[in-house]
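Rule-based calculations on the coordinates, nothing more; no lab input. Model, not experiment: these values are computed from the prediction. Every residue, glycine as well, gets a Cβ built from its backbone with ideal geometry; the counts of neighbours run over all protein chains shown.
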Amino acid sequence: SESFANWTRKVGPSETADMEERVDYLKRKGENIYSFALGMPNFFTPEYIKNGAKAAIDSNKSFYTATSGIMELKREITHSLYEKNNVDYKTSEIVVTNGGKQAVFDALYSMCNQGEEVMIPSPYWVSYISQTKLMGFKPIVITTSEKNGFKVSVEDLKKAVTDKSKVLILNSPNNPTGAIYGYDELADIAKFCIENDLYVISDEVYSEYIYNNKKFISISSFEKMKDRTVVVNAFSKTYGMTGWRIGYSASSKQLASFMTILQSHSTSNVSSISQYAAVTAFDDSVDKSFKLSHLRSDFKKRRALADNILSEIKGFKYILPEGAFYFWIDISEYINKNLSGTVMKNATDFANIVLQNTNVALMPGDSFGDSSHIRLSFSISEEKIRNGLLILKNYLNKEM
Ligand code: PLP
């Protein structure tokens, strides 16, 4: 057989990206698919941001930029982090990246050595594990449960930490559970990280999607945590810009400079047009059709609608997500049961049979570290939520 790199035997394609392609294929074939599988909001990039991009094209912003991003954008990002996270960054501590995904990648690659451990609470966003393995580091999975609201505690961390542990990845609001860490929980985790000399990657890409009326808290805002934390955020989910590939990190100046070196030898700067568009994104006062506060209330309505129908489906157990836009549903009552002639071994079987019989697409939990759950995204229109979930309910309640 061919001798390619060792990682090629350990890491497959992103399962979420795979499902997205499958749904896309069925739609192109003309099937009427109700997709609750996708990890992206359904709205278009707002007009005022598109206008920012058009202006950038027309004024020939077509050249390479500084690897770490244009100064105007880094300045806007520092203002936003001051306002939202209550942390005072300098522009030299910001790196503009190709989505939040590259920020996580650059951070891990700049922090760890071969054999060192990355602590990852489960369920997790699938790329944390794959990136860690790609680079030859060791993922240490820490399983959380519904009884703790799917949040990792200091007790859990104490049991898992070793002298090889280097980084903890925190994702709040969480994909796939919607869990949000509160002040006391973060204070305890921050103290633990300082005592155990751990760095933190704080993935905050869902920080605008919060439904409990609480203010978002970043672990970077606790004493002595700013330089230990790499904050990761993106324009993707917040502004309907998943395809523009633009996100950023905020960290110590030293780590930012290493992440910039890495980026300078791999992708160079993020598309100049995306960067100029992102500069305009911060000022939603210019566009009456789009406001982050409206976004939050829209998604809160969708969450309530989905909850109404899901709560009537037999064998579905979940807690209401506080943030992000997913329900994380325990379907273990279906495991080993027969659904349309097939015995369900895991969530992947369940999602496959449901898709075949109802045209409702769900994301199996296997790739998030739990084969007895499914992730259901409510980032689609109320009409699609209502119609799709009623079909799902009729099918499952008849079968069970
Ligand atoms: N982090 C989490 C938890 C996500 O769910 C995603 C996207 O699905 C990302 C990061 C990456 O976002 P981006 O599209 O900006 O790379």
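Any residue that is polar (S, T, N, Q) and over 21 Å from Ser251 (Cβ atoms) - is there at least one of those in the stretch 126-138?
Filtering the stretch 126-138 down to residues polar (S, T, N, Q) leaves 127, 130-132.
Subset that is over 21 Å from Ser251 (Cβ atoms): 130.
Checking the stretch 126-138: at least one residue is polar (S, T, N, Q) and over 21 Å from Ser251 (Cβ atoms).
Name the single residue that is nearest to the ligand (Cβ to nearest atom) among those in the stretch 243-253 being surrounded by 22 or more Cβ atoms within 10 Å (Cβ to Cβ) and part of a loop (DSSP other than H, G, I, E, B). Steps first, answer last, please.
Within the stretch 243-253, the subset surrounded by 22 or more Cβ atoms within 10 Å (Cβ to Cβ) is 244, 246-251.
Restricting the remaining residues to those that are part of a loop (DSSP other than H, G, I, E, B) gives 246, 251.
Working: Ile246: 7, Ser251: 16 Å.
Only one residue tops the list, namely Ile246.
Could you look through the stretch 182-208, keep only residues that are in a loop (DSSP other than H, G, I, E, B) and aliphatic (A, V, I, L, M), and pick out the one that is farthest from Thr229 (Cα to Cα)?
Taking the stretch 182-208 first, the residues in a loop (DSSP other than H, G, I, E, B) are 182, 196-198, 204-208.
Filter once more, keeping what is aliphatic (A, V, I, L, M): 198, 205.
Values: Leu198: 9, Val205: 15 Å.
In this case the residue turns out to be Val205.
Would you mind stating whether Ile385 is in contact with a Pro (Cβ under 7 Å, 6 or more places away or on another chain), crowded, with 23+ Cβ neighbours inside 10 Å and either not in a helix (DSSP H, G or I) or not basic (Lys, Arg) (or both)? Spell out how you get there, then give the answer.
On the way: in contact with a Pro (Cβ under 7 Å, 6 or more places away or on another chain): no; crowded, with 23+ Cβ neighbours inside 10 Å: yes; either not in a helix (DSSP H, G or I) or not basic (Lys, Arg) (or both): yes.
No: the conditions fail for Ile385.
When you check Ser153 against the structure, is it within 16 Å of the ligand (Cβ to nearest atom), surrounded by fewer than 18 Cβ atoms within 10 Å (Cβ to Cβ) and small (Gly, Ala, Ser), yes or no? Please lay out each step first, then the result.
Numbers: within 16 Å of the ligand (Cβ to nearest atom): no; surrounded by fewer than 18 Cβ atoms within 10 Å (Cβ to Cβ): yes; small (Gly, Ala, Ser): yes.
For Ser153, the condition - within 16 Å of the ligand (Cβ to nearest atom), surrounded by fewer than 18 Cβ atoms within 10 Å (Cβ to Cβ) and small (Gly, Ala, Ser) - is not met.
Restricting attention to the stretch 254-294, report how many residues are part of a helix (DSSP H, G or I) and of a type outside the set (Gly, Ala, Ser).
Residues of the stretch 254-294 part of a helix (DSSP H, G or I): 254-266, 272-281, 284-286, 292-294.
Okay, now just the ones that are also of a type outside the set (Gly, Ala, Ser), so 254-255, 258-263, 265, 273, 275-276, 279-280, 284, 286, 292, 294.
Residues that pass the stated criteria total 18.
Just name the residue that is farthest from the ligand (Cβ to nearest atom) out of those in the stretch 156-181 that are in a loop (DSSP other than H, G, I, E, B) and aliphatic (A, V, I, L, M).
Step one: list which residues in the stretch 156-181 are in a loop (DSSP other than H, G, I, E, B), which gives 161-164, 172-181.
Okay, now just the ones that are also aliphatic (A, V, I, L, M), so 161, 179-180.
On the way: Val161: 23, Ala179: 12, Ile180: 13 Å.
Among those residues, the one meeting the criterion is Val161.
Can you tell me which condition Ser297 does not meet? The list is (1) assigned to a helix (DSSP H, G or I); (2) surrounded by 14 or more Cβ atoms within 10 Å (Cβ to Cβ), and all the others hold.
Just one mismatch for Ser297, condition (2).
Starting from the stretch 110-129, take each residue that is more than 15 Å from Ile201 (Cβ to Cβ) and list its partners that are more than 12 Å from the ligand (Cβ to nearest atom) and hydrophobic (A, V, I, L, M, F, W, C), counting only C-beta distances under 6 angstrom and pairs at least six apart or across chains.
Ser122/Val141
Evaluate the stretch 184-197: report whether one residue or more is closer than 30 Å to His294 by Cα and within 14 Å of the ligand (Cβ to nearest atom).
Of all residues in the stretch 184-197, those closer than 30 Å to His294 by Cα come to 184-186.
This time we only want the ones that are within 14 Å of the ligand (Cβ to nearest atom), so: none.
Within the stretch 184-197, not a single residue is closer than 30 Å to His294 by Cα and within 14 Å of the ligand (Cβ to nearest atom).
How many residues does the stretch 76-101 hold that are more than 16 Å from the ligand (Cβ to nearest atom) and either within 20 Å of Ile261 (Cα to Cα) or part of a strand (DSSP E or B) (or both)?
5
Quickly run through the stretch 121-137 and pick out the residues that are more than 11 Å from the ligand (Cβ to nearest atom), over 12 Å from Asn174 (Cα atoms) and of a type outside the set (D, E, K, R).
Selection gives Ile129, Ser130, Thr132, Leu134, Met135, Gly136, Phe137.
Checking Thr16 against (1) part of a helix (DSSP H, G or I); (2) under 18 Å from Asn357 (Cβ atoms), which single condition isn't satisfied?
All conditions pass for Thr16, except number (2).
I'm trying to understand the selection: among the residues of the stretch 109-118, which are outside any loop (DSSP other than H, G, I, E, B) and either hydroxyl-bearing (Ser, Thr, Tyr) or surrounded by fewer than 24 Cβ atoms within 10 Å (Cβ to Cβ) (or both)? Quick ask: steps written out before the conclusion?
Of the residues in the stretch 109-118, the ones outside any loop (DSSP other than H, G, I, E, B) are 109-111, 117-118.
If the condition is that a residue be outside any loop (DSSP other than H, G, I, E, B) and either hydroxyl-bearing (Ser, Thr, Tyr) or surrounded by fewer than 24 Cβ atoms within 10 Å (Cβ to Cβ) (or both), then Tyr109, Ser110, Met111, Glu117 are the ones that fit.
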